[in-house]
Amino acid sequence: MNPTRRYVYLGLLTSVLPLSPSLSANEKDKDIEETVVIGISDSSGLSLDAQNDASNRLGLEIIDVPSSVEIITKENIAIKGDFSSLSAVTRATGFASSASPGNGGSSVAVRGFNGHGSVVQTYDGVRLYVGAGAATFPADTWTLQKIEVLRGPGSVINGVGAVGATVNYVPKAPTFDNINHDVNITAGTFGLRRFAYGSGGRITDEVAYRIDTVYHETDGYVDFGGEQREALAGSLLFRPLENLDIKLSVDYADVDAAPYWGAPTLSNGKVPDSIRENNYNVRDGIVKYEDLWPRLSVRWGINENITFRNDLYYLTAKRHWRNVEDYQIKEETSQVDRSFFLEILHDQKQLGNRSDVLFDYKIGDMENRLNVGFEVNSIDFTHTNNRPYAGPKPDLVDLHNPNPGLWRDVAFSKTTKDFTSETLQYAVFLDEHLQITEQFAVIGGLRYDAIDFQREDFARFNGPLPENAEPASKTDNDLSGTSWRLGAVYQPIENLSIYGQASEAVDSIQSILSATNPDLKLAKGRQFEIGLKHQTWDDRLQYTVALYDIVKKDILSAEPFGQDQSQIGQQSSQGIEFEFFLRPVDNFDINFNVAFVDPKFDTFEKTAKDPNTGDPIENVDLSGNTPRNVPKTTANLWMNWQFVDDWMMSGGLRYVGERFADDENENELPSYTIYDASVRWAVTDDLQLSLLGKNLSDDKNYILAPYGSQRILGEPRSAEFAVHFSF
């Protein structure tokens, strides 16, 4: 047996431990009925009294946690028509898109930090490790019960790479309610065709199920920019005893994403209006993701005070890109010069297990909750490409009427195996909440991560790699780091929390699965945060305020001129965030959030290179600059008004302030404001019709992210009509 997997298979043993009496009350699963949004939802608001797994594993409510936590419910996702996880999560406080096909269309910026290296994504509470900068799961929000967001360092919970935030996608789960079915059919602009089905409930007194599936297809808003995705999520819950839950879950997604790499820009950094619908990629470009995620979960109440939990999981991810990705406008001839003829394939397998024990007991008169556990992950990663990405020089197409051609006409290099890696990650952790008095509590956590990384690089051949080829070079690296947090919550009156927390996290400055420099260590980030959370007026008024200061040290920086990068850099951010919910009358509510952040490089040098030869030509000191793709201001507004029985109007906006497309701060992206609105009619208790308009102002500055000098443009004005039926 491969020794890197031996520890993972121990999870199989812990999944079949003997049984014993009663599950603790705060850990027992609560059945959540499937609901259809037909009016002002009871789930509206900031969910301050909801439990979450993004910030803790202690069963604490958000109001009791000394950090910034937000929950996006499936009802709110449905009202806003957010079919993708990116669209849904970027409505959270302080979040902005930095997504492109190269990062799986899922990268975000928050609290001054950008990308998968600083924002961790988990699914059902389990960490998905990022392969070579791309994360592609989950594919669709239909399978989700909710999205949990923890802003600020979360490494005590989820390990390396969570200095900016943690996003936990929670799938729908089986319940022991009566069986219920949901059907949703949507059609809209740009050839949108969408069919979704969900079903779940009690099979017997001991067995319940849940299944959700969705087919989503669109022609896209640019030429040959269509997308098709299929997602399936199924769970079977076996409860042989009141104190024992065994759940088997399988999630699958197959995505043919839009092969669109943005619009080229003029020398002034603008995209001409006349080319916004053009696609300069080859006509047979490929952006394809396929993910499979089976899991076995056990929840065992040993007694009233001790609960054991174990999660065994296996992820396989296959990704394929085959595109021409770089476009430069030649203004003197009205042509576009294409380059970067790239084909990449990922084959990733992650086998992991996490076990923990929750203790709920008293120390004298003080209530105490303690969680201790360990996790281990074994990840195999294979990277195949056609480097050096050769193609015809030049490869010119007309700016206004491009003839894109086919891949075989423009690609010269053969696609062969580039490198493979094996990564063994393990961690031990503890988290504790001590209620010292009725009004004052402290929470602390500690985690140690160790990573054993081995990489084999293969010599490149102009053709398939010879069988049994020996690697040309090997990399072996051991990384480790300790994360901690210590916070306190003071509640002078009921439903008001004043809190403070200090925390330290470890961050990866290389992709853990594809690192190339064995001498680089983990970066460190520390945060101080203070804030308050309050709900009053019978929960009609809810708000939170958070102020934070984050410093991330040991980021990559060039030192000195002409030498390889080393870890002498530092980045910091300070900011304030505000969330607000108000329901002044029973048929109207308003949600609003705004975030202001001042991010900057405290110490950062970069080696400029000759664009023709790639040779270093000078060192540039970027200290004091704003990191790329990080807006200083974001805001979201949403209002619901049930103006007559069974009819509801909703609408709002999302605002993203100016960002820089480069670390040199020479190219600024404009701010944008997107207005959305919908009207819903509950024809009967089981049938609902809705009409949704998106980007109603057709904002031309709606840019999801820069891609080199190109701009990934957001979707123009669109409309959707949906039918939702339950039975």
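Taking every pair of Cα atoms in segment 185-290, average 1/r, invert it to obtain the Kirkwood radius, and report Rg/Rh to two decimals.
Values: Rg = 21.1 Å, Rh = 17.1 Å.
Expressed as Rg/Rh, it is 1.23.
Specify which residue in the list Ser267, His346, Gly364 is farthest towards the positive end of the charge dipole of segment 264-397, using unit charges on the beta carbon of Lys, Arg (+1) and Asp, Glu (-1), about the Cα centre.
The residue sitting farthest along the positive end of the dipole is His346.
Place a +1 charge on the Cβ of each Lys and Arg in segment 385-424 and a -1 charge on the Cβ of each Asp and Glu, then give the dipole magnitude about the Cα centre in debye, rounded to the nearest 20. Write down the numbers at each step before the final one.
Details: 5 positive and 5 negative charges, 32 e Å.
Using Cβ point charges on Lys, Arg, Asp and Glu, segment 385-424 gives about 160 debye.
When the helices in the chain are scored as -39500 (n - 2.57) per DSSP H run of 4 or longer and the sum is shared across all residues, what 222 nm value do you end up with, to the nearest 500 deg cm²/dmol?
Computed mean residue ellipticity for the chain: -1000 deg cm²/dmol.
Return the whole-Å distance between the Cα centroid of segment 249-316 and the Cα centroid of segment 578-632.
Going from one Cα centre to the other spans 23 Å.
Grab the Cα-Cα distance for Val683 and Val183, subtract it from 0.36 nm times how many residues apart they are, and report the gain in nm with one decimal. Working shown, then result.
Numbers: separation 500, 0.36 × 500 = 180.00 nm, distance 1.50 nm.
Full extension from Val683 to Val183 adds 178.5 nm.
Given the Cα-Cα distance of Lys349 and Ser566 and 0.36 nm per residue of separation, how much length would full extension add, in nm?
Values: separation 217, 0.36 × 217 = 78.12 nm, distance 3.03 nm.
Full extension of this stretch gives 75.1 nm more.
Are there GluC sites (Glu not before Pro) in segment 351-457 that DSSP marks as loop and that have at most 16 other Cβ atoms within 10 Å, and which are they? Intermediate values should be presented prior to the final figure.
Working: sites: Glu367, Glu375, Glu422, Glu432, Glu438, Glu456; in loops: Glu438.
Sparse-neighbourhood loop GluC sites (Glu not before Pro): Glu438.
About its Cα centre, what dipole magnitude does the chain give when the only charges are +1 on Lys and Arg Cβ and -1 on Asp and Glu Cβ, stated in debye to the nearest 20? Walk me through the intermediate numbers first.
Details: 66 positive and 104 negative charges, 161 e Å.
In total the dipole reaches around 780 debye.
Between Ala459 and Leu248, what's the calculated FRET efficiency when r is the beta-carbon distance and R0 is 56 Å? Round to 0.05.
Rounded to the nearest 0.05, the efficiency is 0.80.
Are there chymotrypsin sites (Phe, Trp or Tyr not before Pro) in segment 78-125 that DSSP marks as loop and that have at most 14 other Cβ atoms within 10 Å, and which are they?
Here no chymotrypsin sites (Phe, Trp or Tyr not before Pro) fit, given the DSSP loop and packing criteria.
Of Lys146/Lys349; Lys362/Lys553; Lys393/Lys521; Lys318/Lys700; Lys330/Lys694, which sit over 31 Å apart, Cα to Cα?
Working: Lys146/Lys349 26 Å; Lys362/Lys553 39 Å; Lys393/Lys521 40 Å; Lys318/Lys700 34 Å; Lys330/Lys694 34 Å.
Those over the limit are Lys362/Lys553; Lys393/Lys521; Lys318/Lys700; Lys330/Lys694.
Please give, to one decimal in nm, the separation of the simple spin-label points placed at Asn268 and Ile617, each 7 Å out from Cα toward the Cβ.
2.6 nm
All of the numbers you see were taken from the coordinates with simple rules; none came from a lab. Remember, predicted model here, so these are calculated numbers, not experimental data. Every residue, glycine among them, receives a Cβ derived from its backbone with ideal geometry; neighbour counts consider all protein chains shown.
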